[in-house]
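Trainee: A single structure is presented below for examination.
The values are calculated or read from the model by the stated rules, or taken from the named source; none is laboratory data. Source: prediction; values computed, not measured. As a convention, Cβ positions derive from the backbone with ideal geometry for all residues, glycine included, and neighbour counts pool all protein chains shown. We work out accessible area using only protein heavy atoms, side chains counted, and drop any ligands, DNA or RNA first. Shrake-Rupley method; radii C 1.70, N 1.55, O 1.52, S 1.80 Å.
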Amino acid sequence: LRAFARDIAEYYHDSHDVLDRLSKSYGFRYVEFWQPALYYDDEPVGGEKKLLVNDATLGDEKLREVFSVVRDELNAMRLEHFYDISDVLSDRENPMYVDAVHINDSANEIIAGKMGEVFRNTLLSAPRR
């Protein structure tokens, strides 16, 4: 599983390199986000617990491990313009996931706020190339 996860991370890395080369060639700036997924949380909140019963993939420890290793591998690569915000919902007290990866409006607002913070600190403050 770890080798498979590393292959997935390498594939993402290769896609990142293409995007980076394009940005340098065409003069645009970019950021990439690794967003939250219920696969990273140890404990679902409230009604999210029903998802464990209805979605067999959430209880699949091998799949959860693949998700976690891919995220760890990507973070270890220290890709420029890459932001892991997968933990932004970890302190939630109310249910926010409607399935393993899709979220409700409240969660979207939190994620948009974090993304806006990154935009302000990177894209809006950096000089154009």
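Trainee: What net charge is computed for the residues neighbouring Phe33, neighbours being all others with C-beta under 11 Å from the C-beta of Phe33, Lys and Arg scored +1, Asp and Glu -1?
Mentor: With Lys, Arg at +1 and Asp, Glu at -1, the neighbours total -1.
Trainee: With a Förster radius of 25 Å, plug the Cβ-Cβ distance of Val101 and Glu10 into 1/(1 + (r/R0)^6) and report the FRET value to the nearest 0.05.
Mentor: 0.70
Trainee: Any idea what angle helix 61-77 forms with the longest principal axis of the chain, computed on alpha-carbon atoms, 0 to 90 degrees, nearest 10?
Mentor: For helix 61-77, the angle is close to 20 degrees.
Trainee: Over the chain, what is the mean sequence separation of C-alpha contacts under 8 Å (at least six apart), divided by residue count, expressed as relative contact order in percent? Intermediate values should be presented prior to the final figure.
Mentor: Details: 123 pairs, mean separation 48.6, N = 129.
The normalised contact order for the chain reaches 38 percent.
Trainee: Name the residue, out of Asp72, Asp41, Asp55, whose mean-square fluctuation peaks in a Gaussian network model built on the chain with Cα pairs under 10 Å.
Mentor: Asp55
Trainee: So what is the calculated 222 nm ellipticity per residue for the chain, using -39500 (n - 2.57) for each DSSP H run with n of 4 or more, over all residues, to the nearest 500 deg cm²/dmol? Provide the component values of the computation, followed by the final result.
Mentor: On the way: 4 runs with 65 residues, N = 129.
That calculation yields -17000 deg cm²/dmol at 222 nm.
Trainee: When Rg/Rh (Cα atoms, Kirkwood Rh) is calculated directly from the model, which label among (i) 1.01; (ii) 0.99; (iii) 0.94 fits?
Mentor: Computed from the coordinates, Rg/Rh (Cα atoms, Kirkwood Rh) corresponds to (i).
Trainee: Compute the length gained on full extension between Ala112 and Lys50: take 0.36 nm times their separation in residues and subtract their Cα-Cα distance, giving the result in nm to one decimal. Spell out each step's value before the answer.
Mentor: Working: separation 62, 0.36 × 62 = 22.32 nm, distance 2.61 nm.
Gain on extension, Ala112 to Lys50, equals 19.7 nm.
Trainee: Related question: Hey, for a label at Leu123 modelled as a point 7 Å past Cα toward Cβ, could you say which residues of region 82-117 have their backbone N under 16 Å away?
Mentor: Counting backbone N atoms under 16 Å from the label point, the list is 82-85, 111-117.
Trainee: Let me ask something additional. Ignoring ligands, DNA and RNA, what percent of the accessible area of region 15-63 is carbon or sulfur (1.4 Å)? Let's see the in-between values first.
Mentor: Details: 1560 of 2960 Å².
That fraction is 53 percent.
Trainee: Let me ask something else. I need the shape label for region 24-82. Rule: rounded when a/c is under 1.5, else prolate if a/b > b/c, else oblate, with a, b, c from the alpha carbon gyration tensor.
Mentor: On the way: a/c = 3.49, a/b = 2.32, b/c = 1.50.
Since a/c reaches 1.5 and a/b is larger than b/c, the shape of region 24-82 is classed as prolate.
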